[in-house]
1. With respect to Asp375, determine if the residue is over 22 Å from Lys292 (Cβ atoms), more than 18 Å from the chain's Cα centre (by Cα) and more than 16 Å from the ligand (Cβ to nearest atom).
2. Can you spot a residue in region 82-102 that is under 21 Å from Glu340 (Cα atoms) and touching a His at 6+ places or on another chain (Cβ under 8 Å)?
3. What number of residues in region 321-337 are outside any loop (DSSP other than H, G, I, E, B), surrounded by fewer than 18 Cβ atoms within 10 Å (Cβ to Cβ) and either at pLDDT below 95 or under 16 Å from the mean Cα position of the chain (by Cα) (or both)?
4. Quickly run through region 160-219 and pick out the residues that are within 19 Å of Ala118 (Cβ to Cβ), among the acidic types (Asp, Glu) and more than 21 Å from the chain's Cα centre (by Cα).
5. Between residues in region 87-100 that are in the same structural domain as Arg141 (by TED's automatic domain parsing) and assigned to a strand (DSSP E or B) and residues that are among the small types (Gly, Ala, Ser) and exposed (fewer than 14 other Cβ atoms within 10 Å of the Cβ), which pairs lie under 7 Å by C-beta distance while being six or more apart or on different chains?
6. Is it true that some residue in region 134-148 is within 17 Å of Trp206 (Cα to Cα), in the same structural domain as Ile302 (by TED's automatic domain parsing) and out of contact with any Asp or Glu (no Cβ under 9 Å at 6 or more places or on another chain)?
7. Run Tyr343 past the list (1) surrounded by 14 or more Cβ atoms within 10 Å (Cβ to Cβ); (2) touching a residue at least 40 places away in the same chain (Cβ under 8 Å) and report the number of the one that doesn't hold.
8. Name, by its number, the condition in (1) in contact (Cβ under 8 Å) with a residue 24 or more places away in the chain; (2) part of a loop (DSSP other than H, G, I, E, B); (3) surrounded by fewer than 16 Cβ atoms within 10 Å (Cβ to Cβ) that does not hold for Asp375.
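The values are calculated or read from the model by the stated rules, or taken from the named source; none is laboratory data. These numbers come from a predicted model, not from an experiment. Cβ atoms come from the backbone with ideal geometry, glycine included; neighbour counts cover every protein chain shown.
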Amino acid sequence: MRSFALPLGAAFALALGIVAVSAQGPGMRGTRVEPGQPCPAGTTEVRPGSCQAPDQPAPSILDYRPRSTLVTPQHPVPRAKFPAIDVHGHPGSLTSADAINRVVAEMDKLNLAMMIVAENVSGDRLTQTLAALAASPHKDRFRVMGGVDFRNVGPGWAERAVAQLEADVKAGIVGVGEIPKQFGLNTRKPDGSRLKVDDPALDPLWAAFARLDIPVFIHTAEPQEFFQPLDYTNERWLELSLFANRRNNQPGQVSFEELITERNNVFRKHPKTRFIAAHFGWHANDLARAAKMLDDFPNVSIEAGAVLYDLGRQPRTARAFFVKYQDRIMFGKDSFQPNEYPYYWRVFETEDEYFDYYRDYHAFWKLYGMGLPDDVLRKVYAENARKTLRLGPKS
Ligand SMILES: [Zn+2]
């Protein structure tokens with residue numbers, strides 16, 4: 001894809017009618033553009049209407065790593081200020097005492113009081129996990145979500161799924177999820193058609209969640225740029241170039257808006273079912289839209305995993321959002337990389353400015369702290385999870 005992208009930039013410039021007019025005199029490498037037109041590929045605007053190419057080979061975005069000379073107070077936060085609950089835990093298999101001990105040792109360093117295991121598993125694998133945890137001295141540090149298998153949705157599927165859910169609830173789950181992104185994106189029905197998020201065949205299952213008072217932790221869609229062309233205007237160009245399977249931009253593929261519409265149809269049709277929209281419902285880049293989702297659907301709360309790069313680039317708007325919706329937001333991390341949690345603590349707790357994020361391919365920009373008040377932090381870190389997942393009071 002990279003080799004196609006450079007000619008695309010040139011084609012883009014041509015399509016916009018950009019014409020290289022003249023050099024600007026001896027020794028200058030200028031190209032003039034009409035007011036409002038972008039500079040041609042490989043050049044940058046040096047004066048109004050005048051574009052120039054550097055006389056050194058330009059580095060690729062992989063190799064350009066400027067050192068910031070900004071000097072400001074730095075407050076790294078290795079441990080959360082208050083004991084936190086990670087509602088979006090993907091710790092891998094927890095079926096052995098060793099594995100459990102390893103994860104708990106990392107949790108202790110981070111001040112993570114509890115992890116909700118959200119591996120979308122059901123049946124045997126679920127009961128093995130629950131049994132291993134029950135036998136562990138660390139059983140109070142974990143709760144487990146069940147799972148749903150969305151393959152082969154057709155006659156009889158809902159009855160089987162509801163029976164499995166009832167069995168899993170008896171076994172001790174506190175929720176179901178993470179319902180994976182494949183649901184809606186590319187899970188197929190037996191006839192080969194895409195299983196839509198709002199397929200009516202699933203209604204008995206959504207209704208059962210309400211009857212059993214079990215929340216659904218659901219990941220629908222992906223960052224909206226994953227659905228856009230892979231060109232040099234795509235702010236997730238690097239990630240999409242690294243991971244071909246994240247490109248949802250081919251003709252015939254479902255769009256971001258279609259998925260959000262289907263998801264919202266389910267939220268609306270099942271007002272008694274409690275949903276936790278993973279990753280801020282992929283609206284962290286548009287918090288007015290996230291607010292509208294929460295306003296429209298009182299049965300929905302949100303989780304903050306893997307969207308830190310959007311919160312941390314708009315600290316003032318994000319802070320206001322967290323204060324307003326302080327009862328509806330839960331901390332979650334997603335991928336279990338212990339050295340990444342402190343970036344969350346720092347964005348939530350401090351007012352630090354212009355500091356690094358942990359993965360260049362998610363975000364080429366810097367982060368800023370939101371400086372959340374303590375009472376908001378306590379809710380987001382743990383109290384909302386305790387209420388939503390019925391975890392009971394702090395032990
Ligand atoms: Zn997810």
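1. Numbers: over 22 Å from Lys292 (Cβ atoms): yes; more than 18 Å from the chain's Cα centre (by Cα): yes; more than 16 Å from the ligand (Cβ to nearest atom): yes.
So Asp375 fits the description; yes.
2. Filtering region 82-102 down to residues under 21 Å from Glu340 (Cα atoms) leaves 82-94, 99-102.
Narrowing the set further to residues that are touching a His at 6+ places or on another chain (Cβ under 8 Å) leaves 100-101.
Yes, region 82-102 contains at least one residue that is under 21 Å from Glu340 (Cα atoms) and touching a His at 6+ places or on another chain (Cβ under 8 Å).
3. Of region 321-337, the ones outside any loop (DSSP other than H, G, I, E, B) are 321-324, 329-330, 334-335.
So of that shortlist, the ones also surrounded by fewer than 18 Cβ atoms within 10 Å (Cβ to Cβ) come out as 323-324, 335.
After this cut, where a residue has to be either at pLDDT below 95 or under 16 Å from the mean Cα position of the chain (by Cα) (or both) as well, the list is 335.
Looking only at that region, the number is 1.
4. The answer is Asp168, Asp213.
5. Close Cβ pairs satisfying both conditions: His90/Ser335.
6. Initial filter on region 134-148 (within 17 Å of Trp206 (Cα to Cα)): 145-148.
Cutting the leftovers down to in the same structural domain as Ile302 (by TED's automatic domain parsing) gives us 145-148.
Going one step further and asking which of them are out of contact with any Asp or Glu (no Cβ under 9 Å at 6 or more places or on another chain), we end up with 148.
Looking through region 134-148, at least one residue is within 17 Å of Trp206 (Cα to Cα), in the same structural domain as Ile302 (by TED's automatic domain parsing) and out of contact with any Asp or Glu (no Cβ under 9 Å at 6 or more places or on another chain).
7. Going through (1) surrounded by 14 or more Cβ atoms within 10 Å (Cβ to Cβ); (2) touching a residue at least 40 places away in the same chain (Cβ under 8 Å) one by one, Tyr343 breaks only (2).
8. All conditions are met except number (2).
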